[in-house]
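The values are calculated or read from the model by the stated rules, or taken from the named source; none is laboratory data. Computed from a predicted model, the values in this text were never measured in an experiment. Cβ sites come from the backbone with ideal geometry, for glycine too, and all protein chains shown count toward neighbours. To get the accessible areas, we keep the full protein, side chains included, count just its heavy atoms, and leave off ligands, DNA and RNA. Shrake-Rupley method; radii C 1.70, N 1.55, O 1.52, S 1.80 Å.
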Amino acid sequence: MIRRSILAVALSLLTVAALAQTATQPPAATPPAAAPAASNAKSELTLAKFQKRREKAVMAADTDGDGKISLLEWEAFQAKRNVKGDAAKSFARIDSNHDGFIDRAELDAFFAKRFARLDKNGDGVLTADEMSGHKSAPKPEQ
């Protein structure tokens, strides 16, 4: 009787071990056909993502942390980035309410206009071919 109990316990342990092993195996690899779609999604950019990326980069000019960019901060930011052209003119283009500061709402409006110009087919998503001439376009492999 003890032999049967030991045999039953041993078989139970083997079964549990086998089940645990199959439950912890990593999921199957993604089929190759799905890979291009994933890489294509990375190169597509929605308006929200476009605005968020650009706003994050531009708000680095807000050196005093008050949530808005003054002309002096903008000029220093443009000089640091070696931007060609008149910083005061680019500041005036973005400062739509002409209060002497660029805030997040003005940045969102400015980047929405830029996005609309780049979005040639008007589908609300920038693809790699639409961004090819833009400075945020992916760089070709060398």
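Brief remarks follow.
- Under the simplified labelling scheme, the residue 84-residue 125 pair shows an inter-label distance of 3.5 nm, with each label point 7 Å from Cα along Cα→Cβ.
- Per residue, in Å², the accessible surface of the range 47-117 once ligands and nucleic acids are set aside, probe 1.4 Å: 63
- Charge sum, other residues only, whose C-beta stays under 10 Å from residue 123's C-beta, Lys/Arg counted +1 and Asp/Glu -1: -2
- Net charge of Cβ neighbours under 11 Å - reference residue 63; Lys, Arg +1; Asp, Glu -1: -3
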